[in-house]
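What follows is one structure encoded as structure tokens, with my remarks underneath.
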Amino acid sequence: MYSTALEYLPAIPELFLLSALCCVLVVDLFLNERQRDVTFLLSQLSLLVTLVLVVVFHSDSPRVIFANSFVADTMATVLKAFICLIVLGVFVYSRRYLIVRGLYRGEFFVLGLFGVLGMMILVSGHNLLSLYLGLELLSLSLYAMVAFDRDSARASEAAMKYFVLGALASGILLYGISILYGMSGTLDLIGLSEYLRREGTGNIGAVLALVFIVVALAFKLGAVPFHMWLPDVYHGSPTPVTVYIASASKIAGFAFVMRMLVEGLGPLHNDWQDMLIILVVLSLAIGNLVAIAQTNLKRMLAYSTIAHIGFLLLGILAGTRQGYSASMFYTIVYAITSLGAFGVVLLLSRVGFEADRLDDLKGLNDRSPWFAFIMLIIMFSMAGVPPTVGFFAKFYVLRAVIDVDLWWLAVVAVAFSVIGAFYYLRAVKMMYFDNPLDRSALEETSGMRIILSTNGLAVLALGIYPTALLTLCTRSLMW
Amino acid sequence: MILDIYLVLFWLFSAVAVFAALRVITVRNPVHAVLFLVLTFFTCAALWMLLEAEFLAIVLVLVYVGAVMVLFLFVVMMLDINVAPVREGFIQYLPLAATVAVIVVVEMALVVGSKTFRPNQMAAPAPAAAGASNTEELGVLLYTKYLYHFEIAAAILLVAIIAAIALTMRKRPQTKYQNPAQQVQVRKQDRLKIIKMEPEK
């Protein structure tokens, strides 16, 4: 029961990140407005060191510590590494937006780092309680970040909605967890799945708990019919926070579903497969159809997120290793692509101008051919046009679904993707064939130019050579 | 005989708890509602006492009743809540709400009445030894088995503090405030000016 310090080695990245962000918090207190870049650089440095530690302390055999509440396996390493990388990008994109709006404060970065810590705990959760606590740490940071622009009524409204619905979802999740704990007497995921396997199918108590847990997961991911908060939060929050929610936190959401449904409630696969099928069909339909009617770019991307969540769950519900790895591939690809899409929105914004309307994309090719090209790649990837990586992400997921003989579901998914391609291509048409509404030059910083270009080219490069990432995803799953 | 006393106490406290919880949402006066909520917490604490969770029962009374609910009471007393508009639309939504409530109750009854949740599914836990310290056992568990969760909870509280400060603290240039350091350093010649005046007749 009592452990030595060496046993904590797998948790070194988390421990470092917690200490580092406390240091950032204290250092920031002694800086004045003009020295805020120190906070920015320190946060980036902490993320970078965390990333290095995640990779350095990796071992191929899974290690479980803290009395079965923390697991360090290959999936955890890969997802944590991508979370750190993506948040590094988010911070670079956010810097100028925050400066021109007077939001460039240390708390933004500290809360962002806390969110990363929450995601890492979630990714490594091996116990119902640690999953819940990781989720709460992430959600609390997100609520505060959404409300960060205190003078914006829209942001406050979004934060309030997010907070109330998020708290409701947490309550539902806890209810499900408490039923499971009451029946099995254990919080440990392995113990839980052993108990469920012993009990066999048809255990109505476990199915009741499962309903609560699936509802809570759908709430947190934003799957229809639990998606109501998502468009308002994406639209209302400051764009740097939107990109944070839309990219990195989706990876954590994937890990949450994997740990909860696959690792813990795996024996109930037949039950949750049916529930997920309903969520997937509704998400694909509502997400793609409603996105067509949007005139606001952030809102359009929010509905496109809902549709992408449908695809993410599609791979998981197949219930095969191939399906899980396809879903993991999809999640990582989606996070990178959506980082780029919101990066372009941040690039176009200026003082007092959000650039979040679809019309603001008009004639981007005349203003900056290079970034119009980057946005073109990103939109093609979201629509699933080869040779961008989005095509392969959709392809692998569909292949996994067809392999378990769910033909009709694959047909539905393809049909709605074709409908969805319309609004992505409309954005491309606006950039290349419409006249710009304003011709002012883009205010880009060199850091942003480099990272955004890398981001866009990564989407293309991964599409030309997708095998490496897919192999990584397949290798990191043990189920 | 002793078992019977426990049973009687259990029924008594549960009846009071359910009654008080119902009153919380049915009384018209918000202050009364808060007071009924206090009663609910109190009886729940008594129920926990019957479960041999003495420490948690005391914490419930101290923290929830003593701190949270008193704070809540202050807020309710300060806000002048008009009761009438709160009830608006009650009749209008009653049929829909009642239908949903009945469906939920029936579904829950079906599930909870199934054999999974029968009392005989779980053996009654053995009563703790006479000298066992509830607090000590909780402490040992908290700092060994649940150490990781305990630390995450600490991080969550830190986020809550940072978020609250970041969202509410702002510099107001027109605010007047005192600087005690400057106040104690003040010297006579800074404040007091002695003027020689011609005596008036």
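Since every read-out is calculated from the coordinates, none of them should be taken as a lab result. Note that this is a predicted model, so its numbers are computed, not measured. Cβ coordinates were reconstructed from backbone atoms using ideal geometry, including for glycine residues, and neighbour counts include every protein chain displayed.
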A chain fully extended from B:I161 to B:F72 at 0.36 nm per residue, minus the present Cα-Cα distance, gains in nm 30.1 nm
Length gained if A:R475 through A:V351 is fully extended, taking 0.36 nm per residue and subtracting the Cα-Cα distance, is 40.0 nm
Quick shape check on the stretch A:299-375: root eigenvalues a ≥ b ≥ c of the Cα gyration tensor, a/c under 1.5 is rounded, otherwise prolate if a/b tops b/c, else oblate, and it reads prolate
With 0.36 nm assigned to each residue of separation and the Cα-Cα distance removed, A:T295 to A:F422 gains 44.4 nm
Note on the stretch B:7-83: alpha-carbon gyration tensor, axes a ≥ b ≥ c; rule is a/c under 1.5 for rounded, else prolate if a/b larger than b/c, else oblate; result oblate
Taking a straight Cα-to-Cα line shorter than 16 Å from A:K250, and setting aside same-chain aspartates and glutamates fewer than 8 residues away, one finds A:E136
Under 20 Å by backbone N from the virtual spin label 7 Å along Cα-to-Cβ at B:A53, the residues of the stretch B:14-40 are B:14-22, B:37-40
Toy charge model, Lys and Arg Cβ at +1, Asp and Glu Cβ at -1: the protein assembly as shown dipole around Cα centroid in debye, rounded to 20, equals 1800
For A:A153, placing the label point 7 angstrom along Cα-to-beta-carbon and taking the stretch A:230-249, residues whose amide nitrogen sits under 18 Å are A:232-233, A:235-238
Of A:387-399, A:5-17, B:168-180, ordering from highest average Cβ density within 10 Å down gives A:387-399, A:5-17, B:168-180
Taking a crude spin-label model, label points 7 Å out from Cα along the C-beta direction, the B:L192 to A:I402 distance in nm is 9.7
Straight-line reach check, B:K188, cutoff 30 Å on alpha carbons, 8 or more apart in-chain or any other chain, hits among lysines -> B:K176, B:K196
Rounded to the nearest 0.05, FRET efficiency between B:L110 and B:A181 (Cβ-Cβ, R0 51 Å) equals 0.15
Note to self, chain B gives a 222 nm [θ] from helices alone (DSSP H runs n ≥ 4, -39500 (n - 2.57) apiece, / all residues, nearest 500) of -20500 deg cm²/dmol
Fewest to most Cβ atoms within 10 Å: A:Y143, B:Y93 sort as B:Y93, A:Y143
With a ≥ b ≥ c from the Cα gyration tensor eigenvalues, square-rooted, and the rule rounded for a/c under 1.5, otherwise prolate when a/b > b/c and oblate otherwise, chain B is prolate
Per GNM of chain B with C-alpha springs under 10 angstrom, the most fluctuating residue out of B:V184, B:V70, B:V16 is B:V184
In the neighbourhood of A:N68 defined by beta carbon distances under 10 Å, the net charge of the other residues (Lys, Arg +1; Asp, Glu -1) is 0
In the stretch A:5-475, taking the dipole from +1 charges on Lys and Arg beta carbons and -1 charges on Asp and Glu beta carbons about the Cα centre, the listed residue (A:L53, A:L189, A:M375) farthest towards the positive end is A:M375
Taking Cα atoms only, Rg over Rh for chain A with Rh from the Kirkwood formula is 0.95
So the FRET efficiency between A:A415 and B:A132, C-beta based with R0 = 51 Å and rounded to 0.05, is 0.20
Placing each pseudo-label 7 Å from Cα in the direction of the beta carbon, B:R28 and A:D37 end up separated by a distance in nanometres of 6.6
From fewest to most C-beta neighbours within 10 Å, the residues B:H32, A:H227, A:H58 line up as B:H32, A:H58, A:H227
Inter-part gap, Cα centre of the stretch A:398-465 to Cα centre of the stretch A:284-340, in whole angstrom, is 11
Rounded to 0.05, the calculated FRET efficiency for the beta carbons of B:E200 and B:Y143 at R₀ = 56 Å is 0.10
